[in-house]
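K.L.:
Can you keep this structure in mind? I'll have questions shortly.
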């Protein structure tokens, strides 16, 4: 039931954004207009997001991480709902696929459209997702993390790794996701910084296009 509710919410939000004809190009141009010292807020926020992923931050400075993490939770649960038809294993895997695949696909799409700041933001969201999956996968053996709407028998990573016979590889798999989170988090900061530098060169035009 929770998966269905979250799946419907994600679909409604996506449809609402589409209906409003939200323009990432206009937003990118807006982000490129302020003085450089104001534009530097973006890589600073992305750095705070990475810091929170690594060390935690229980105050307003942790808000960017919290928002990305909660968005990832919605997409994760929606993934289970959308792949309910695909068999037990893919249905379980669907949560992680959507949690990581959504920001990855958006980052690629915005990059192809030339929207570098948005690319950095979605890479940061991907980083938060990797860290979240690292935590979840790392809990596959002990199953002590609180789960949304299910008991420990509904633990995605315990069930998937058990099916594959890889439960003993839990630490290695968790570490691999953690490393991906670190690399993508650093990449997001560098990408945003490069976008600011590049857009403030006199020979660089502002983003063009209809969307």
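K.L.:
Using the beta-carbon distance between residue 152 and residue 113 and R0 = 45 Å, what value does 1/(1 + (r/R0)^6) give for FRET efficiency, to the nearest 0.05?
P.N.:
0.60
K.L.:
Right, here's the next one. Among 82-92, 179-189, how do they line up by average Cβ neighbours within 10 Å per residue, starting with the highest?
P.N.:
Ranking the peptides 82-92, 179-189 by packing returns 179-189, 82-92.
K.L.:
Please work out how much length the chain gains when fully extended from residue 169 to residue 61, using 0.36 nm per residue of separation minus the C-alpha to C-alpha distance, in nm with one decimal.
P.N.:
Computed gain between residue 169 and residue 61 is 35.4 nm.
K.L.:
Now for a different question. Quick check on packing: order 60-70, 112-122, 190-200 by the mean number of other C-beta atoms within 10 Å, highest mean leading.
P.N.:
Averaged packing, sorted descending, gives the order 112-122, 190-200, 60-70.
K.L.:
A further question follows. Ranking request for peptides 40-47, 150-157: highest mean number of other beta-carbon atoms within 10 Å first, then the rest in descending order.
P.N.:
40-47, 150-157
K.L.:
Over segment 61-126, what is the relative contact order in whole percent, taking alpha-carbon pairs under 8 Å and six or more residues apart?
P.N.:
Relative contact order here is 27 percent.
K.L.:
Apply the a/c threshold of 1.5 to the C-alpha gyration tensor of segment 58-211 and tell me whether it is rounded, prolate or oblate.
P.N.:
prolate
Coordinate-derived values only; no laboratory data. Remember, it's a predicted structure, so these values are computed and weren't measured experimentally. Using ideal geometry, Cβ is built from the backbone for each residue, glycine included, and neighbour counts are taken over all protein chains shown.
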